[in-house]
Amino acid sequence: MKINELSKNIDNQRIDPVYLVQGNDQYLQEKVEKALLSIIPDDQRIMNVGILDFEQTTMSNILNEVESAPFFGERRLVIVRNAKFLTGERLKQKVDLDGLVNYLNHPEPTTVMVILAPYAKLDGRKKIVKDLKTKATLINTDSPSENEVRGYVNSDIEHNGYQIDNNGMNLLISRTGANLATIMNELPKLYLYGVDSKIITEQAVSELVPQSLNQNVFDLINALLNSNIKKALDIYADLMVLQEQPLRINAALLSQFRLLIQSKILSERGFSQGKVAEELKVHPYRVKLALQTSRRFNLERLEAGYLGLVDIEHQLKSTTRDPQGLFELFLVKFNNKKKI
């Protein structure tokens, strides 16, 4: 189930006893939680809403909450955050899940239980995961595709009485890496900027929305791979002016080169763009850009860039050499290697 369907069901009072909200998009997780909170009237929330963090409580406390009757209201809502017991991650202490399994078989009719699992993947081998997938209502909050992001953004813009031109939308997607939470945080500035015209233009996006580090790094790598040394140096210098730490810049460069290599290998093995994103647990938009770039260069060249950056990282951590000087030397060496 997607969030739009959930909202319609809530409006029509079609409310289920247990929800599993699974996916790694922060904005959608928060939006779903807010929608489910609306089940309980504002004046009843103090007594009839329980919010528990699995990392800070016990399963016994969680079960006590869901088995409690509502206080002067029709329903009680219990939200369980950070449900790590559904993943393959090793837990600090053993968790007795028998009580939760029993509850799923006989949920309290006046309680709405919401389990938030902000993870890309759950451990499907676990009985509790299998039970939840069959007995709970599943709400998908995976990182949305670029088209889905555009849909969410357009919906919010129209809801607020604004319009955005195609160039403005394209630049907004590019500058934020199609990160839905980032875009939604930027929209209030754009609304204020265009309060008279009610139109969000490319110029407004250019002036108000900063380019993410990942996008700057992507542009830098494209310049590097295309032997545009001046542009690569200019982007690196701009990042330094913005007081980005050299190690952080280099880590982002390494991450992007790793993504280029992994995406290329998986694509050559027949993986689709969506499957690559799922396998690497990377935002679909980043994979789209990585595949567009990696197809134009051979694996040897991509690996040479990665290894050169590994050497820079080592020198940044073990010497006092000037970071910008190290990067310039790397550019020269890389550019002198055999090109496509």
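The table that follows gives values for the structure above.
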{"read-out": "Three semi-axes of the equivalent ellipsoid, segment 141-188, Cα gyration tensor, whole Å, largest first", "value": "16, 12, 10"}
{"read-out": "Accessible solvent surface per residue of the chain, calculated while the other protein chains remain in place, 1.4 angstrom probe, Å²", "value": "54 Å²"}
{"read-out": "Projected-area average for segment 208-340 over all orientations - Cα convex hull basis, square nanometres", "value": "8.4 nm²"}
{"read-out": "Average projected area [Cα convex hull, the chain], square nanometres", "value": "21.4 nm²"}
{"read-out": "Bridge type composition, the chain - antiparallel percent by DSSP, nearest 5", "value": "0 percent"}
{"read-out": "With Cα atoms, 0 to 90° folded angle of helix 213-225 axis to the chain main axis", "value": "30 degrees"}
{"read-out": "Packing-based ranking, highest mean first, of 57-67, 23-33 given that Cβ atoms within 10 Å are counted", "value": "23-33, 57-67"}
{"read-out": "Protein accessible area in segment 61-203, 1.4 Å probe - carbon and sulfur %", "value": "46 percent"}
{"read-out": "Ellipsoid semi-axes in whole angstrom, largest first, where each is sqrt(5λ) of the Cα gyration tensor of segment 3-133", "value": "23, 18, 13"}
{"read-out": "Spacing of the two label points (7 Å from each Cα toward its C-beta) at N102 and I51, in nm", "value": "3.0 nm"}
{"read-out": "Stokes-Einstein translational diffusion, segment 177-240 - Kirkwood Rh over all Cα pairs, 0.890 mPa s, 25 °C, in µm²/s", "value": "183 µm²/s"}
{"read-out": "Fraction of alpha-carbon pairs over 16 Å apart in segment 128-212 - percent", "value": "54 percent"}
{"read-out": "Set of lysines with alpha-carbon distance to K275 below 25 Å, sequence-local pairs under 8 removed", "value": "K2, K84, K121, K126, K130, K133, K264, K288"}
{"read-out": "Inter-part distance where segment 90-121 and segment 270-318 are each reduced to a Cα centre, Å", "value": "37 Å"}
{"read-out": "Estimated 222 nm signal from helices in the chain, with DSSP H stretches of n ≥ 4 weighted -39500 (n - 2.57), rounded to 500", "value": "-18000 deg cm²/dmol"}
{"read-out": "Mean Cα-pair separation over length for the chain, i.e. relative contact order, pairs under 8 Å, 6 or more apart, %", "value": "15 percent"}
{"read-out": "Sequence-separation-based contact order of segment 108-184, relative, with Cα cut under 8 Å and 6+ spacing, percent", "value": "22 percent"}
{"read-out": "Rel. contact order, % - alpha carbon contacts under 8 angstrom, at least six apart, segment 177-333", "value": "21 percent"}
{"read-out": "Cα-based reach from K8 at 19 Å (exclusive), listing aspartates and glutamates while leaving out same-chain residues under 8 positions away", "value": "D16, E30, E33, E148, D156, E158"}
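The values are calculated or read from the model by the stated rules, or taken from the named source; none is laboratory data. Since we're looking at a predicted model, the values are computed, not measured. Using ideal geometry, Cβ is built from the backbone for each residue, glycine included, and neighbour counts are taken over all protein chains shown. Keep in mind that these areas ignore ligands, DNA and RNA; they rest on the heavy atoms of the full protein, side chains included. Shrake-Rupley method; radii C 1.70, N 1.55, O 1.52, S 1.80 Å.
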